[in-house]
Every structure is written in C-alpha cells, then in structure tokens.
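Below is one structure, written out as structure tokens, with a few remarks after it.
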Amino acid sequence: MNAVFHQAEALHEKIKNEIIHDAESFRIQYLGSKGEIKSMFSAMKDIEPKERKAFGQLMNAIKVTAESRLKEAQGEQQFSGKGGQKRDYTTPGIAHKFGTRHPIEQTKDRMIDIFAKLGFSIAEGPEIEDDWHNFTALNLPQDHPARDMQDTFYVDSKANILLRTHTSAAQIRVMENEKPPIRVITPGRVFRNETISARAHCAFHQVEGLYIAEKVSFADLKQTLYYFAKEMFGSDNIRLRPSYFPFTEPSAELDVSCFICDVKGCPVCKGSGWVEIGGCGMVDPEVLKSVNIEHPKYTGFAFGMGIERIAMLVHGIDDLRLFFENDQRFLQQF
Ligand code: DAH
C-alpha cells in the first residue's frame, strides 16, 4: 500500500486523539483551506488509479471525524465560556443587590437602643388581645366613652377578642407578671379601624414605655423624654400638652418640633410647627390596683409613641402610606 495511505491513516488517528484546547485552532489546522486534510487530499494525484476510490473514502471518513470532533469542541466551549470565547476568570462577578432593613424596623431599633441606655429592657405582647388587657385593666371599663377614641377591630366580638389598639395592652401583661421595680419598653404593631391617609393607617407601630418603682415622679418622665428626643432627633425641642388618658393621671401629649418643614408649616404638622408623637403620664392608681401593685408605695410613668411618626420626622417623609407600599424605590433609600 502506498505510503500516502499510511500518512492518511496516521492523520486520522491524530485527529481522533487530539486534545482540543481551542476549537478554532483545531478547525484551521485540520479543516481550513490550508489545513492538513486539504493538503492530504492533494496527494490523490500520487495514488494509483485503482486505489483512488479507497483513498477518497478514507479521506472522507477523516473529514467526517474532524468535523464531528470540531462540533463537539465548539459545544463544550460554548458551555464553559461565552460564545466559544475562553473564559476570563478576571471578569468581575454579577453583583447581587442586598435588601435593606425597613425604615420602621431601623427606627424601632434606634428607639430600643436609646431606651436601653436608660436601663429599659424589652417585652412584647400579643397582637390579638382580650378586652381585659387592651381596655378594662387600663381603666377603660365597658361603656367607657374613651373606648370610642380608638376604633377597634374585633376578631370575636362576643368573646371580646380584638386586635390590640395600642401597646399599652402589653404594659398590663408585664405588670401582671413582674414585681416593681419595672422598667420596660414594649415595641409592636397595633391596629385601628381608621381611614388610611397621609397621617393615619389602620395598622401602625408603637413603642410603649413603663417605669414603676418607689418615688417615680413626673420629673423622671420629663427627663426621660428629653433624653430620648435629644438622642433621636438631635434636639430636645419638645413640649408636653395636658391631655386625658384613662390609664394615666395626670396625662400629657408629647409633641416635637416639626423637623420635616423646619417649623415653617407643612401637611404633617398642619402648619403648627409641632408634631404629636405620643401620649404619656403617671400611671393611674386604678391601673396599679387592677394588676395588684401596691400604691402609693409604688408609682410610675408610662408613655406610648408612634414609630411611623418618628421615622417621618427623622427622614423628612411627609406621607405615612409610603411605609406600607413596599415600593423598592422608596425602601432602597434607607
Ligand atoms: N395608648 C395611647 C394611644 O395609643 C398612648 C399612650 C398614652 C400610652 C399615655 C401611654 C400613656 O402609656 O401613658 O393613644
């Protein structure tokens, strides 16, 4: 047999066993217009005429092998790197966006930190409450007109099971289970059947504070609130307006100067330059009686603040509904 046959067979073996690093180089080397297969074909003229058919078949088989190995190599490269290109391991990875903590959670945590510095620990109560903890023990017996101050969602109105309207309910649970001195805050979600607007929502958050010990006075309450305002807003420009709550006597409403408009007047402060952030007062002796805490040996103060209002003031947000819409464009700013 002609030596050219041997060469062709050797080429076939080589193509079968070649370790292909780059499909394109393989194609040029074997299947290109100046490649090894083409030049081997041109040796046809040196072949005896009677062997030409066999040689042609061999060459065709070599070509088929080369083409199938090329296809296989191209497929592998596409899989391991873009468009048959070699993978560039120095390319920066795809950056995944991390979520952010909700501004209400962030504000809540800041409030917890501030009160923790004053020695307040955290307690939490249930969102589904009974009448006793949400109303009766807080000196709001059945038919008390002040119940109308808070439009209540009932889960089971016959059994008097409701969604708590304020975190004051958790105060009662703490006092039922602990002995004075008590110094706790109870952050949480509360619910009221209110029309949703820029200033009000049917579900919102409060932080309740409670301090019961011997000789606790209104001055202690005021000092606590001044400290909180200074830490939270960087300013203790607050005022206490005499008010009424059944569970405190005396009672006050807590206002801070409006940082949203810098006291120029805006929809949140209704042009007054002051924003109400909560209520407070000295715990009413009737409340202490309902949880069996000795009075006047022990006295105490309590306060309840709205977290949304505080977050609005801190971040200059003028519409409370933004906190509940979960619009990424809003949330990503925090
Ligand atoms: N629970 C009241 C409310 O949601 C706020 C409040 C007022 C809480 C006075 C208190 C307090 O602890 O002493 O409107």
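Quick check on this structure: which one of 229, 137, 169 is more than 16 Å from the ligand (Cβ to nearest atom) and open to solvent by less than 20 Å² (accessible area, probe 1.4 Å)?
Going through 229, 137, 169 in turn, the sole match is 229.
Anything in the range 241-260 that is of a type in the set (Val, Ile, Thr) and either within 13 Å of residue 286 (Cα to Cα) or over 36 Å from the mean Cα position of the chain (by Cα) (or both)? List them, or say none.
Selection gives 248 alone.
Does at least one position in the range 191-213 carry a residue that is surrounded by fewer than 18 Cβ atoms within 10 Å (Cβ to Cβ) and more than 30 Å from the chain's Cα centre (by Cα)?
Within the range 191-213, one or more residues are surrounded by fewer than 18 Cβ atoms within 10 Å (Cβ to Cβ) and more than 30 Å from the chain's Cα centre (by Cα).
Mind listing whichever residues of the range 37-52 are open to solvent by less than 60 Å² (accessible area, probe 1.4 Å) and in a helix (DSSP H, G or I)?
Filtering the range 37-52 for residues open to solvent by less than 60 Å² (accessible area, probe 1.4 Å) gives 37, 40, 43-44, 47, 51.
Passing the criteria: 37, 40, 43, 44, 51.
Could you check, for the range 147-164, whether at least one of its residues is more than 18 Å from residue 246 (Cβ to Cβ) and surrounded by 18 or more Cβ atoms within 10 Å (Cβ to Cβ)?
Yes, the range 147-164 has at least one match.
Only residues that are at pLDDT 90 or above and open to solvent by less than 60 Å² (accessible area, probe 1.4 Å): list them for the range 55-74, please.
The answer is 55, 56, 58, 59, 61, 62, 65, 66, 69, 70.
Quickly run through the range 75-100 and pick out the residues that are at pLDDT 85 or above and surrounded by 12 or more Cβ atoms within 10 Å (Cβ to Cβ).
Within the range 75-100, 100 is the sole residue that qualifies.
Considering each residue of the range 254-304, count those that are among the hydroxyl-bearing types (Ser, Thr, Tyr) and under 20 Å from residue 221 (Cα atoms), and give that number.
Step one: filter the range 254-304 for residues among the hydroxyl-bearing types (Ser, Thr, Tyr), giving 257, 272, 290, 298-299.
Then drop every residue that is not under 20 Å from residue 221 (Cα atoms), which leaves 257, 298-299.
Residues in the range 254-304 being among the hydroxyl-bearing types (Ser, Thr, Tyr) and under 20 Å from residue 221 (Cα atoms): 3 in total.
Conditions (1) more than 16 Å from the ligand (Cβ to nearest atom); (2) polar (S, T, N, Q); (3) in contact (Cβ under 8 Å) with a residue 12 or more places away in the chain, marked per residue:
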{"position": "251", "(1), (2), (3)": "no, yes, yes"}
{"position": "259", "(1), (2), (3)": "yes, no, yes"}
{"position": "266", "(1), (2), (3)": "yes, no, yes"}
{"position": "271", "(1), (2), (3)": "yes, no, no"}
{"position": "276", "(1), (2), (3)": "no, no, yes"}
{"position": "282", "(1), (2), (3)": "no, no, yes"}
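Would you confirm whether or not the range 181-188 contains a residue that is in contact (Cβ under 8 Å) with a residue 40 or more places away in the chain, in a helix (DSSP H, G or I) and either open to solvent by 40 Å² or more (accessible area, probe 1.4 Å) or more than 11 Å from the ligand (Cβ to nearest atom) (or both)?
Scanning the range 181-188, I find no residue that is in contact (Cβ under 8 Å) with a residue 40 or more places away in the chain, in a helix (DSSP H, G or I) and either open to solvent by 40 Å² or more (accessible area, probe 1.4 Å) or more than 11 Å from the ligand (Cβ to nearest atom) (or both), so the answer is no.
Could you tell me which of the residues 311, 302 is open to solvent by less than 10 Å² (accessible area, probe 1.4 Å) and closer than 21 Å to residue 259 by Cα?
Answer to the check: 311.
Just the residues that are at pLDDT 95 or above and within 16 Å of the ligand (Cβ to nearest atom), please, taken from the range 310-322.
Correct list: 310 only.
Report whether or not residue 110 is away from the ligand (no atom under 14 Å from the Cβ), modelled with pLDDT under 95 and within 30 Å of the chain's Cα centre (by Cα).
no
The values are calculated or read from the model by the stated rules, or taken from the named source; none is laboratory data. From a predicted model like this one, the values you see are computed outputs, not experimental measurements. Backbone-built Cβ (ideal geometry, glycine too); neighbour counts: all protein chains shown. Heavy atoms of the whole protein, side chains included, go into the accessibility calculation; ligands, DNA and RNA do not. Shrake-Rupley method; radii C 1.70, N 1.55, O 1.52, S 1.80 Å.
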